[in-house]
Each structure stands twice: as C-alpha cells, then as structure tokens.
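The values are calculated or read from the model by the stated rules, or taken from the named source; none is laboratory data. Model, not experiment: these values are computed from the prediction. Ideal geometry is used to build each Cβ from the backbone, glycine not excepted, and the neighbour counts take in all protein chains shown.
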C-alpha cells in the first residue's frame, strides 16, 4: 500500500481578534481549498500560545492547523490569501509523506460509549 502525500498548513492569527472572526478565518481558508479542488482532511484551532519571539509587536498568537489533500496547486492560492490578510501574522505549509491524519472527533458530536456492565447474580 502506497502512502499518499498530503499538506499541513500551520498559520498564526493575531491574538486580539474576536472568536467569531477566528471562526470566519477557519471557514474562509477551508473554502478556498475546496474551491481549488483540494480535500480538507482536518481543520483545528490549537488555541492562543506564546510566540518564541515577537512578530509584528505581538507576543502571542492563535495557532491553527489545516491538513489537506490536493495536487499542490492549491498551496499557492491559499498562501496568497494568507499573505494578503492583515490577521495572519505567519504561515507555513509542509508536504507530509506519512499516513493521512485520522479524522478528529469533536467532543459532543458523537454519542458517548456506554460502559458495559457485567450482570452479577443477586
């Protein structure tokens, strides 16, 4: 079985943008990939974290990871949109050759498994 390469894009948003705007960025970049023919495998907000060094006078940033499949042409379109956005302070796309990432289970989206109880004679 051959492993299909995929792409991981990590980008950092300004820490001072409201949560609704963060969600709109997640949707915006996912939609750009879908429009260019890519398959979005995973889209995760990693949360606000301290930066290793200040970027544009920001000491923190909101990290987002985006895993996607495609022919590689979509990377240029996605990075151009990020470069033009004032809210994205850094981005990096890496081609991965390992197995595809497992789909993420969002808490509350699936019913919790009920623990099996052994019946004991009374």
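Laid out as a table, the results:
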{"item": "Residue match in segment 42-59 (condition: modelled with pLDDT of 90 or more, within 14 Å of the chain's Cα centre (by Cα) and part of a helix (DSSP H, G or I))", "result": "no"}
{"item": "Residues that are surrounded by 12 or more Cβ atoms within 10 Å (Cβ to Cβ) and within 15 Å of residue 16 (Cβ to Cβ), drawn from segment 42-62", "result": "48, 49, 51, 55, 58, 60, 61, 62"}
{"item": "Residue list for segment 76-85, filter: surrounded by fewer than 19 Cβ atoms within 10 Å (Cβ to Cβ) and either within 14 Å of residue 35 (Cβ to Cβ) or in contact (Cβ under 8 Å) with a residue 12 or more places away in the chain (or both)", "result": "76, 77, 79, 80, 81, 85"}
{"item": "Filtered residues of segment 25-41 (kept if out of contact with any helix residue (DSSP H, G or I) (no Cβ under 6 Å at 6 or more places or on another chain) and either farther than 18 Å from residue 77 by Cβ or in a loop (DSSP other than H, G, I, E, B) (or both))", "result": "37"}
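Residues are listed down the side, and each one gets a yes or a no for (1) modelled with pLDDT of 90 or more; (2) part of a strand (DSSP E or B); (3) over 14 Å from residue 5 (Cα atoms); (4) under 16 Å from the mean Cα position of the chain (by Cα):
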position: 95; (1), (2), (3), (4): yes, yes, no, yes
position: 98; (1), (2), (3), (4): no, no, no, no
position: 106; (1), (2), (3), (4): no, no, yes, yes
position: 112; (1), (2), (3), (4): no, no, yes, no
position: 115; (1), (2), (3), (4): no, no, yes, no
